[in-house]
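Data block below; observations after.
The values are calculated or read from the model by the stated rules, or taken from the named source; none is laboratory data. These numbers come from a predicted model, not from an experiment. Methodologically, a virtual Cβ is constructed for each residue, glycine included, from the backbone with ideal geometry; neighbour enumeration extends over all protein chains shown.
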Amino acid sequence: MGAMTLSATREWDFSSEQGKANYKAAQRRYPAQAIVDLAALRDNMRHLVSVVGGPHSGTAVMGIVKADAYGHGLVPAALAALAGGATWLGTAQSHEALLLRKAGIGPDRCHILTWVYSGAEVPFDELVDNAIDISVPPSAGEDGEGVVGEKKGVGHQRDEKLCENGEDQRPKRAVGGA
């Protein structure tokens, strides 16, 4: 019977002995690893794009890369999604959207949408200047007033099935007996 290993990956090539020592120390403290296959991310996006009609169908497809691409690496995962045909990237935090632009993913390459949960400390002018689309939650008011004012490139998210003419349209549930 062959020897069992803790990792299915090949041995890493490190640029320095210090880097190798740091990695080994991290492995001792955190032995679980997630191996991210960027080619698989790219191929999965390519498949999604083909399902909706292909890259020339005019259908926009968004790769969600929030939370550091769920821990897979913001920029590498974004580039894999774009290589697979994504036309939009989505982030949860404005700093993530700005990092994508600073990494060289320009507006000529894709649209970026960021969600804004609170207007506190959000660099709206910088987002707009970097051609980043902003979604403002319904809690910000009918037009996002008080959070973003009259900014260009700011969209207001609204679930039309649950909210129509300012009234909650969800079915009411009776409480108690009758």
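Restricting attention to the range 107-119, which residues are polar (S, T, N, Q) and surrounded by 15 or more Cβ atoms within 10 Å (Cβ to Cβ)?
Thr114, the sole residue that qualifies.
Just one of Pro55, Pro76 is out of contact with any strand residue (DSSP E or B) (no Cβ under 9 Å at 6 or more places or on another chain) and farther than 17 Å from Leu99 by Cα; which is it?
Pro55
Taking the range 120-133 as the search range and keeping residues that are surrounded by fewer than 16 Cβ atoms within 10 Å (Cβ to Cβ) and not in a helix (DSSP H, G or I), which one is modelled with the lowest pLDDT?
Ala120
Report yes if Val65 is out of contact with any helix residue (DSSP H, G or I) (no Cβ under 9 Å at 6 or more places or on another chain) and buried (at least 17 other Cβ atoms within 10 Å of the Cβ), otherwise no.
No; evaluated as a whole, the condition is false for this residue.
Could you tell me which numbered condition Ser15 fails, if it satisfies all but one of (1) at pLDDT 75 or above; (2) exposed (fewer than 10 other Cβ atoms within 10 Å of the Cβ); (3) among the small types (Gly, Ala, Ser); (4) under 25 Å from Gly84 (Cα atoms)?
Just one mismatch for Ser15, condition (4).
Just need a number here: residues in the range 73-106 that are more than 14 Å from Leu127 (Cβ to Cβ), crowded, with 18+ Cβ neighbours inside 10 Å and not aliphatic (A, V, I, L, M).
2
Find the residue count for the range 49-64, including only residues that are closer than 18 Å to Ile112 by Cα and either within 16 Å of the chain's Cα centre (by Cα) or of a type in the set (A, V, I, L, M) (or both).
6
Only residues in the range 42-57 that are exposed (fewer than 12 other Cβ atoms within 10 Å of the Cβ) and in a loop (DSSP other than H, G, I, E, B) count as the first member; pair them with residues that are of a type in the set (Val, Ile, Thr) and at pLDDT below 95, Cβ under 6 angstrom, at least 6 apart or cross-chain, and list the lot.
Between residues of the range 42-57 that are exposed (fewer than 12 other Cβ atoms within 10 Å of the Cβ) and in a loop (DSSP other than H, G, I, E, B) and residues that are of a type in the set (Val, Ile, Thr) and at pLDDT below 95, the close pairs are Gly53/Thr59.
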